[in-house]
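Peer 1: Before I ask anything, here is the structure I am working with.
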Amino acid sequence: MYTYEDFHSGDEKFTTTNMFVVTDEGVVVADGQGSPAETKGLVDAIARVTSQPIKYVVVCSDHGDHTAGNASFPAGVTYIIHPTSKAILDASRNGWKPPANAILVSDHYSFTLGADNFDVYFLGRAHTGGDLSVGLPKQKILFLSETFLNRVFPAMRSAYPTEWLRALERAEALQADIYIPGHGFTEFGPVSREELATYRKALRDVIAEARRLHIEGVPVEEAIKQANWGEYATWTLASSQGPIAIRRVYDEMDGKLK
């Protein structure tokens, strides 16, 4: 198992992380990058590790920073995707479209490549409506994509806040030894489990702060100004994602999320 991290060095610095697994019959990749050039960098990195072909690509997040470069994957790979994510990408006016023969996973899908077993899970709506995770049961590794943003402020532009919390609880219940985030650095062993628990607490606390303001009747624009994020105010993306979190939790409490 390998992780690949592309570092974004703009105003807000963060990494976008992929997982790829080399078997004796081919390679399984979880997520792409945000442009054809960036995903070509991933494909080239895989080629430096192995001559085995890429056989499967799991679309764990349908957001552009994980799919916009998918045209750089070799022709003929088998894509695995949640139906909601496929519908979103099919309806997009621009960008990569999943092939018609993609494998659709709305709950749990297991497959074997070479000597390795893979579990693809839908743990619930989280950062998107169709978040998938990829598990290696023998190695006790779980790639969570954007369900887990390690030390990155919870990004909610298309999230389902309370459902996201439940998805993280389900991830912890799988008792992996290594949880790989879609953004942020990969840790190992006890530290990996601790970081996942820290992220779940951060998400819970962000939701709780937004809920507090909503219950107190604070209008959304004023709530954005009043929100006290505590320690999470220093996390990556806090300045841009804090207001979005307020709006999304307000929408959830107002019954606007379907």
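The values are calculated or read from the model by the stated rules, or taken from the named source; none is laboratory data. Here the structure is a predicted model, which is why all the values come from computation and not from measurement. We place every Cβ from the backbone using ideal geometry, glycine too, and count neighbours over all the protein chains shown.
Peer 1: Tell me, which strands (runs of 3 or more DSSP E) lie completely within the range 100-155 with 2 or more residues that are closer than 30 Å to TRP235 by Cα?
Peer 2: Qualifying strands (runs of 3 or more DSSP E): 116-121, 133-136, 141-149.
Peer 1: Six or more apart or on different chains, Cβ atoms under 6 Å: show the pairs whose first residue is in the range 224-241 and on the phi > 0 side of the Ramachandran plot and whose second is surrounded by fewer than 17 Cβ atoms within 10 Å (Cβ to Cβ) and of a type outside the set (S, T, N, Q).
Peer 2: LEU237/GLU12
Peer 1: Now a separate question. Which one is surrounded by the fewest Cβ atoms within 10 Å (Cβ to Cβ) among residues in the range 117-135 that are closer than 13 Å to ALA30 by Cβ and not hydrophobic (A, V, I, L, M, F, W, C)?
Peer 2: The selected residue is ASP119.
Peer 1: Could you check how many residues of the range 181-196 are closer than 17 Å to GLU169 by Cα and either among the acidic types (Asp, Glu) or modelled with pLDDT under 90 (or both)?
Peer 2: Residues in the range 181-196 being closer than 17 Å to GLU169 by Cα and either among the acidic types (Asp, Glu) or modelled with pLDDT under 90 (or both): 2 in total.
Peer 1: Related question: Take the range 78-102 and flag every residue that is hydrophobic (A, V, I, L, M, F, W, C) and out of contact with any helix residue (DSSP H, G or I) (no Cβ under 9 Å at 6 or more places or on another chain).
Peer 2: Hits for the range 78-102 are ILE80, ALA87, ILE88, ALA91, ALA100.
Peer 1: Please return the ranges of strands (runs of 3 or more DSSP E) entirely within the range 1-65 where 3 or more residues are closer than 25 Å to GLU187 by Cβ and at pLDDT below 95.
Peer 2: On the way: elements: 2-9, 13-23, 26-30, 54-59.
Answer list for the range 1-65: 2-9, 13-23.
Peer 1: Identify all residues within the range 44-62 that are in contact with a strand residue (DSSP E or B) (Cβ under 7 Å, 6 or more places away or on another chain) and not small (Gly, Ala, Ser); write none if there are none.
Peer 2: ILE46, VAL49, THR50, GLN52, PRO53, ILE54, LYS55, TYR56, VAL57, VAL58, VAL59, CYS60
Peer 1: While we're on this one: Residues being in contact (Cβ under 8 Å) with a residue 24 or more places away in the chain and acidic (Asp, Glu): count how many of those fall in the range 82-135.
Peer 2: Number of matching residues: 2.
Peer 1: Taking GLU172, is it farther than 24 Å from GLN33 by Cα, under 21 Å from the mean Cα position of the chain (by Cα), touching a residue at least 12 places away in the same chain (Cβ under 8 Å) and crowded, with 17+ Cβ neighbours inside 10 Å?
Peer 2: Criteria not met by GLU172.
Peer 1: What's the total number of residues in the range 74-91 that are in a loop (DSSP other than H, G, I, E, B), over 19 Å from the mean Cα position of the chain (by Cα) and surrounded by 14 or more Cβ atoms within 10 Å (Cβ to Cβ)?
Peer 2: Of the residues in that region, 1 qualify.
Peer 1: Among the residues of the range 92-115 satisfying the criterion of being among the aliphatic types (A, V, I, L, M) and either at pLDDT below 95 or in contact with a Lys or Arg (Cβ under 8 Å, 6 or more places away or on another chain) (or both), which is surrounded by the fewest Cβ atoms within 10 Å (Cβ to Cβ)? Before the answer, list the steps.
Peer 2: Going through the range 92-115, the residues among the aliphatic types (A, V, I, L, M) turn out to be 100, 102-105, 113, 115.
Still in the running and either at pLDDT below 95 or in contact with a Lys or Arg (Cβ under 8 Å, 6 or more places away or on another chain) (or both): 100, 102, 104, 113, 115.
On the way: ALA100: 7, ALA102: 18, LEU104: 15, LEU113: 18, ALA115: 9.
Checking each candidate, the answer is ALA100.
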